[in-house]
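The values are calculated or read from the model by the stated rules, or taken from the named source; none is laboratory data. All values derive from a computational prediction rather than experimental measurement. When we count neighbours, we look across all protein chains shown, and the Cβ atoms used for this are built from the backbone with ideal geometry, even at glycine. The protein model used for the area step is the full one, side chains on, heavy atoms only, and it has no ligands, DNA or RNA in it. Shrake-Rupley method; radii C 1.70, N 1.55, O 1.52, S 1.80 Å.
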Amino acid sequence: PDAPPPPSGATPRHLAYVIGTSGSTGVPKAVAVPRSALAHQLAWRQRTFPLAPGDAVLLRTPLGFDPSLWELFGPLAVGARLVVPPPAVDHDVAALVRCLAERGIGTLQLTPSYLDLLLEQPELDRCPALARVFCGGESLTPAQVGRFFARLPGAELHHLYGPAEAAIDATQWRCRPEDAERAFVPIGRPIDGVRVDLLDATGAPVPVGVPGELHIGGRGVARGYRNRPELDAERFVPDPFADRPEARRVRTGDRARRWPDGTLEFLGRMDRQVQVRGMRVEPAEVEAVLRAHPTVRDAAVVASRDATVGQALVAYVTTEDATGAATRGSPEAPTFASELRAHAAERLPPYMVPATIVPTEALPRTGHGKIDRGALAAQVRTSAASEPVRVAPRDDVELRLLRIWRTLLPDREFGVTDDFFEVGGHSLLAMRVLARIRVAFGRELPAATLFEARTIERQARLVREDAPSRGALIEIRASDAGSPVFCVHPVSGSSVCYVELATALGPIGPVYGLDAVGLLGSQPHERIEEMAERYLEEARLVAPAGPYRLVGWSMGGAVALEMARRLSERDGAEVRLVVLDGWVPVAPDDEGRDEHGATTAAFGRELGLSPHDLEYAVGSDGEVTPEERVERLLRRAHELRRVPPDLGPDDLHVRLRTFAANLRAMRAYQPRPYAGAVTLLEAERSHAGVARRGPRWEELAHGGLTRRHVPGDHDTMLRRPHVDAVAAVVRARFEEPAEPVS
């Protein structure tokens with residue numbers, strides 16, 4: 001046992017490891033790293049972030065990623081504890097938190113993307129031993145720094161940078177809480193024994209504040225690429241700044257900027273530049289601007305090459321709502337995309353503003369946890385996600401204006417916040433739009449209107465100033481062929497929720513919406529039976545003898561059922577009835593002492609407000625007056641663009657009054673059996689706000705019940721991408737051969 005170890009014969013110049021890294025051509029490269037480079041990295045880490053025998057480090061980084069080498073050898077070299085986690089930790093953040101807590105992990109290394117997931121875990125408070133976190137592999141954002149110190153105020157956060165060609169880490173930055181207020185998080189300064197130079201295309205140093213290519217020299221430089229001499233000659237070049245003539249430095253292909261205090265700002269890859277309308281664009285610069293938005297977590301920008309639109313930038317962003325949680329679902333997505341595009345337009349030249357912004361739940365990742373830009377580029381080329389995210393109409397005026405635009409621009413897609421001239425309009429077409437507005441609304445708008453109010457949203461504001469009264473029936477999509485389809489409003493009272501369904505149905509016939517009369521300035525109906533009778537009067541104006549094809553979503557299913565029963569029993573008309581996830585979204589049975597508060601909260605949920613917003617708006621019993629509730633609700637709805645910008649407190653009171661009357665009508669409704677058949681589409685995912693009360697559909701549909709499940713939940717089933725599946729079932733039902741009239 002006292003005998004010295006046998007000589008290994010290894011020297012610092014011998015190979016320590018070979019590790020793969022990505023190549024710009026798609027072919028991975030193998031980097032050969034000597035023992036001296038690895039030993040230098042381990043020694044620097046121990047000097048800078050010393051480990052003691054009682055410390056624990058988690059081996060979490062995949063072994064194919066070079067930071068795992070420090071996780072493996074760093075603690076073993078000084079007698080600290082190395083914890084190898086169970087496999088579940090790789091895919092389950094909750095399992096990671098349990099492992100951190102149970103094993104007393106003090107030092108953790110992970111990518112910024114995984115840090116986001118970690119900080120969302122409520123059980124993170126059970127990890128008091130976690131004292132130091134290293135982040136690398138991609139850029140850390142100021143928002144992430146802010147969330148880190150909010151959740152782990154006593155811990156350290158370090159931002160590290162280094163390519164595989166420079167042995168793990170070349171620079172480091174210890175983050176501070178005030179970094180959350182910066183425009184970017186630095187990658188810091190070079191570590192001991194490493195030199196970083198920023199050079200231009202000629203190899204000359206660039207001035208402070210000017211972007212240049214990162215060149216790394218010193219003790220961490222790798223030998224080169226295994227069996228790739230042509231790449232060695234390109235990337236491992238002589239180092240004129242070194243004191244050894246044989247020394248080489250690495251051309252990283254990364255761009256950075258040095259600030260007067262010596263810190264480095266990472267700007268992305270040199271080889272990611274793209275051309276947009278003849279101008280060269282570095283996507284990393286656009287990404288940095290997008291990440292500076294307060295509700296953006298991360299962003300990735302790629303170029304589309306659609307032959308119909310030419311080269312354009314597409315940005316994928318992960319966002320967070322007002323509660324700080326990652327956004328899930330898309331009711332807010334169209335509005336947010338418009339706001340983010342405006343944010344970018346204030347800070348970038350027009351050609352660098354993304355043509356398309358796609359909010360997404362998560363960005364695709366490689367096995368090393370980095371953004372998979374190849375997958376994003378493929379998604380742009382092959383999926384509908386590359387289409388612009390658009391704001392849907394929110395009332396009948398915006399809906400009717402949208403139809404006018406679509407008539408004149410049939411091959412374009414747009415929403416109510418898109419610029420008329422950016423989607424293909426021109427001055428002559430603008431005159432035709434104004435002429436059709438005059439016919440549709442009886443409003444004579446000045447010729448300059450479309451040059452000043454260039455969006456449907458702003459045009460609707462002008463039209464509403466003196467809009468004539470209308471009936472409950474509104475044409476959602478026109479058609480000269482086929483029987484009409486009538487879509488009955490949900491509890492909100494508005495039928496604009498059917499816009500995407502009307503488009504997805506295709507050339508099946510004209511599609512009409514039926515709006516609650518309370519939204520039209522009349523006294524709201526208090527009974528489902530009254531609604532059914534009024535809506536039948538309107539439907540007979542366009543289809544005096546049928547056939548009647550009825551669709552009702554949520555509460556609209558109950559009204560459509562009552563309409564179908566009356567048509568069948570009294571008129572003997574042919575009826576096709578499709579119910580979409582009926583009955584009705586209702587507030588929990590907590591009306592008790594504060595019915596106005598419960599109704600206001602339910603109405604806010606219909607507008608898509610978060611629980612955090614509703615808690616602020618509604619308050620506790622007796623704390624907030626009804627008037628204050630409406631003001632708070634309106635303020636937040638305007639901020640999120642859930643309602644038209646010119647909607648005021650009086651208008652919101654009308655909507656709230658109609659909503660409350662519809663709730664009461666639904667609760668009081670006692671449905672009677674219907675002699676015909678019912679097709680019931682139910683969302684695959686349940687929704688906490690939906691209560692299906694009263695008799696089962698099997699008891700009501702005496703002519704037979706066909707039950708189908710469709711993707712999404714109660715709120716998302718009528719939006720892309722789920723609405724296509726809904727439309728397919730509805731279309732098949734309406735195109736079935738005529739049934740005998742009983």
* Within the stretch 25-43, which residues are open to solvent by less than 30 Å² (accessible area, probe 1.4 Å), out of contact with any Gly (no Cβ under 7 Å at 6 or more places or on another chain) and assigned to a helix (DSSP H, G or I)? -> Leu38
* Asked: Do any residues in the stretch 471-497 that are polar (S, T, N, Q) have Cβ atoms under 7 Å from those of residues that are open to solvent by 30 Å² or more (accessible area, probe 1.4 Å), where the two are at least six apart or on different chains, and which pairs are they?
  -> Ser479/Pro507; Ser483/Pro547; Ser492/Glu606; Ser494/Leu519
* Structure fact -> Picking from Ala516, Ala545, Ala532, Ala539, the residue that is within 29 Å of Pro649 (Cβ to Cβ) and of a type in the set (A, V, I, L, M) would be Ala516
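Given the condition in a loop (DSSP other than H, G, I, E, B), modelled with pLDDT under 90 and closer than 20 Å to Leu198 by Cα, answer yes or no: does some residue in the stretch 253-268 qualify? Quick ask: steps written out before the conclusion?
Pass one, the stretch 253-268, residues in a loop (DSSP other than H, G, I, E, B): 259-263.
With the extra rule that they be modelled with pLDDT under 90, the set shrinks to none.
No; the residues of the stretch 253-268 include none that is in a loop (DSSP other than H, G, I, E, B), modelled with pLDDT under 90 and closer than 20 Å to Leu198 by Cα.
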* Structure fact -> Checking Asp411, Asp419, Asp396, Asp372 in turn, the sole residue that is surrounded by fewer than 16 Cβ atoms within 10 Å (Cβ to Cβ), of a type outside the set (Ser, Thr, Tyr), on the phi < 0 side of the Ramachandran plot and at pLDDT 75 or above turns out to be Asp419
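A quick yes/no check of all residues on (1) open to solvent by 10 Å² or more (accessible area, probe 1.4 Å); (2) touching a Ser or Thr at 6+ places or on another chain (Cβ under 9 Å):
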residue: Gly64; (1), (2): yes, no
residue: Val83; (1), (2): no, no
residue: Gln109; (1), (2): yes, yes
residue: Arg126; (1), (2): yes, no
residue: Cys135; (1), (2): no, yes
residue: Glu138; (1), (2): yes, yes
residue: Phe149; (1), (2): yes, no
residue: His159; (1), (2): no, yes
* Go through (1) modelled with pLDDT of 75 or more; (2) surrounded by fewer than 21 Cβ atoms within 10 Å (Cβ to Cβ) and name the single condition Phe659 misses. => (2)
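Restricting the stretch 470-491 to residues that are open to solvent by 30 Å² or more (accessible area, probe 1.4 Å) and within 18 Å of Gly518 (Cβ to Cβ), which is modelled with the highest pLDDT?
Going residue by residue through the stretch 470-491, those that are open to solvent by 30 Å² or more (accessible area, probe 1.4 Å) are 470, 473, 475, 477-483.
Next, only the ones that are within 18 Å of Gly518 (Cβ to Cβ) stay: 470, 473.
On the way: Arg470: 64, Leu473: 86.
My answer is Leu473.
Answer yes if at least one residue in the stretch 132-143 is among the aromatic types (Phe, Trp, Tyr), under 28 Å from Ala30 (Cα atoms) and touching a residue at least 60 places away in the same chain (Cβ under 8 Å), and no otherwise. Before you say what the answer is, go through the steps one by one.
Step one: filter the stretch 132-143 for residues among the aromatic types (Phe, Trp, Tyr), giving 134.
Next, only the ones that are under 28 Å from Ala30 (Cα atoms) stay: 134.
Filter once more, so that each one left must be touching a residue at least 60 places away in the same chain (Cβ under 8 Å): 134.
Checked against the condition, which is being among the aromatic types (Phe, Trp, Tyr), under 28 Å from Ala30 (Cα atoms) and touching a residue at least 60 places away in the same chain (Cβ under 8 Å), the stretch 132-143 yields at least one hit.
Only one of Leu124, Leu63 is at pLDDT 90 or above and over 22 Å from Ala299 (Cα atoms); which? Spell out the reasoning first.
Details: Leu63 fails: at pLDDT 90 or above.
Only one candidate qualifies: Leu124.
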* Structure fact -> Those residues of the stretch 226-252 which are at pLDDT below 90 and of a type in the set (Phe, Trp, Tyr) amount to Phe241
* **First in the stretch 714-734 and without any contact (Cβ under 8 Å) to a residue 60 or more places away in the chain, second anywhere and outside any helix (DSSP H, G or I), Cβ under 7 Å, 6 or more apart** => His722/Val710; His722/Pro711; His722/Gly712; His722/Thr716; Ala725/Val710; Ala725/Pro711
* Within the bounds of the stretch 495-504, is there any residue that is open to solvent by less than 10 Å² (accessible area, probe 1.4 Å), under 22 Å from Pro721 (Cβ atoms), of a type in the set (Phe, Trp, Tyr) and in contact with a strand residue (DSSP E or B) (Cβ under 8 Å, 6 or more places away or on another chain)? -> yes
* Structure fact -> Scanning the stretch 61-80 residue by residue, the ones that are more than 19 Å from Thr366 (Cα to Cα), out of contact with any Asp or Glu (no Cβ under 9 Å at 6 or more places or on another chain) and part of a loop (DSSP other than H, G, I, E, B) total 1
* To do: Identify all residues within the stretch 613-626 that are at pLDDT 70 or above and surrounded by fewer than 17 Cβ atoms within 10 Å (Cβ to Cβ); write none if there are none.
  => Glu615, Thr625, Pro626
* To do: Could you grab me the full set of residues in the stretch 694-720 that are open to solvent by 20 Å² or more (accessible area, probe 1.4 Å), in contact with a Phe, Trp or Tyr (Cβ under 8 Å, 6 or more places away or on another chain) and on the phi < 0 side of the Ramachandran plot?
  => His702, Gly703, Leu705, Arg707
* Hey, could you check the stretch 1-42 for residues that are over 39 Å from the mean Cα position of the chain (by Cα) and hydroxyl-bearing (Ser, Thr, Tyr) and say which is modelled with the lowest pLDDT? => Ser8
* Which one is surrounded by the most Cβ atoms within 10 Å (Cβ to Cβ) among residues in the stretch 505-519 that are farther than 18 Å from Val559 by Cα and of a type outside the set (Val, Ile, Thr)? -> Leu505
* To do: Output the residue which, of all residues in the stretch 443-466 that are touching an Asp or Glu at 6+ places or on another chain (Cβ under 9 Å), under 17 Å from Phe414 (Cβ atoms) and assigned to a loop (DSSP other than H, G, I, E, B), is modelled with the highest pLDDT.
  => Thr455
* For residues that are in contact with an Asp or Glu (Cβ under 8 Å, 6 or more places away or on another chain), assigned to a loop (DSSP other than H, G, I, E, B) and either closer than 21 Å to Gly482 by Cα or at pLDDT 85 or above (or both), tally how many sit in the stretch 704-742. => 9
* Failed condition for Phe236, given (1) within 24 Å of Gln41 (Cα to Cα); (2) open to solvent by 20 Å² or more (accessible area, probe 1.4 Å); (3) touching a residue at least 24 places away in the same chain (Cβ under 8 Å) -> (2)
* Can you name every residue in the stretch 176-231 that is open to solvent by 80 Å² or more (accessible area, probe 1.4 Å), without any contact (Cβ under 8 Å) to a residue 40 or more places away in the chain and within 21 Å of Arg257 (Cβ to Cβ)? -> Arg176, Glu178, Glu181, Ala201, Thr202, Pro205, Pro207
* Asked: Within the bounds of the stretch 535-543, is there any residue that is closer than 29 Å to Ala481 by Cβ, hydroxyl-bearing (Ser, Thr, Tyr), surrounded by 21 or more Cβ atoms within 10 Å (Cβ to Cβ) and in contact with a Pro (Cβ under 8 Å, 6 or more places away or on another chain)?
  -> no
